[in-house]
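These notes concern the structure reproduced below.
Rule-based calculations on the coordinates, nothing more; no lab input. Just so you know, these numbers come straight off a predicted model, no measurement behind them. Cβ sites come from the backbone with ideal geometry, for glycine too, and all protein chains shown count toward neighbours.
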Amino acid sequence: MITISQAVESVLNRKPFILDALNDNIINFSLLASFLKPDLERILQKEINNGAIVMAIRRFKVVNEIGLSKKIEEQVKDLGDILVRSNLVDYTFRNSDTLLRNQQKLLGIITYKKDFFYTVTQGVYETTFILSDRIKDEIPTIFEGEKLLSSSYGLSSITIKLSSGNTEQPGLYYYIFKKLAWNGINILEVVSTSNEVTILLKDQDIDKAFSVIKQFKSE
């Protein structure tokens with residue numbers, strides 16, 4: 001029969017955000033016990049008192065010091081190159097039958113431009129282009145007839161090379177974004193591939209964001 005400690009471990013291992021708060025010592029064990037109690041009672045099919053849950057959480061925390069949170073920290077320390085780009089712009093258009101054709105026109109213009117930054121993210125209803133600002137004056141002509149939903153100027157980006165196995169690590173992106181958020185840094189866009197993540201920011205936030213990332217990478 002499963003024990004309370006095993007049930008607590010099972011529930012908490014599915015909640016990396018709570019694990020992070022536990023290891024930062026910023027979470028109240030009694031309140032956490034009350035929060036977990038319905039899930040635990042459903043698993044154990046019996047009533048449990050909060051005191052028993054608190055004891056199980058304390059035991060779990062000791063074990064977890066070398067568990068999931070430490071694995072995230074190891075991934076963060078193993079982050080690769082950090083690349084900063086400036087002079088970027090951001091445009092979001094409503095999806096349409098002609099947008100792809102106009103995107104091809106854009107690609108024809110930028111193909112031979114050296115050191116030109118370009119990335120596109122297509123959603124269900126809209127598509128966002130992040131570009132070097134060298135062709136911002138040409139965008140109205142290239143996308144003539146398209147519905148512009150938003151645009152932003154004076155932007156910079158930070159691209160982080162992620163360690164291998166990052167896609168199997170729950171909570172890695174949360175760890176990075178939490179550190180930035182706690183330092184009052186607003187993220188405008190996030191673009192990712194399997195082993196890279198690019199964060200788009202206002203120019204005034206780029207130095208601070210770079211400093212934060214370098215700091216937690218070396219902690």
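Summary of values
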read-out	value
Checking Phe129 against (1) in contact (Cβ under 8 Å) with a residue 12 or more places away in the chain; (2) farther than 23 Å from Asp78 by Cα; (3) surrounded by fewer than 18 Cβ atoms within 10 Å (Cβ to Cβ), the condition it does not meet	(3)
Those residues of the stretch 194-209 which are farther than 11 Å from Ser156 by Cα and surrounded by 15 or more Cβ atoms within 10 Å (Cβ to Cβ), in sequence order	Glu196, Val197
In the stretch 28-58, the residues that are closer than 20 Å to Phe17 by Cβ, assigned to a helix (DSSP H, G or I) and not hydrophobic (A, V, I, L, M, F, W, C)	Ser30, Ser34, Lys37, Pro38, Asp39, Arg58
Answer residue from the stretch 117-126, given it is touching a Ser or Thr at 6+ places or on another chain (Cβ under 6 Å) and closer than 19 Å to Thr193 by Cβ and is surrounded by the fewest Cβ atoms within 10 Å (Cβ to Cβ) among those	Thr121
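Residue-by-condition table, conditions (1) more than 16 Å from Asp90 (Cβ to Cβ); (2) part of a strand (DSSP E or B):
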{"residue": "Lys105", "(1), (2)": "yes, no"}
{"residue": "Phe116", "(1), (2)": "no, no"}
{"residue": "Val124", "(1), (2)": "yes, no"}
{"residue": "Glu144", "(1), (2)": "yes, no"}
{"residue": "Tyr153", "(1), (2)": "no, yes"}
{"residue": "Ser157", "(1), (2)": "no, yes"}
{"residue": "Pro170", "(1), (2)": "yes, no"}
{"residue": "Tyr174", "(1), (2)": "yes, no"}
{"residue": "Val190", "(1), (2)": "no, yes"}
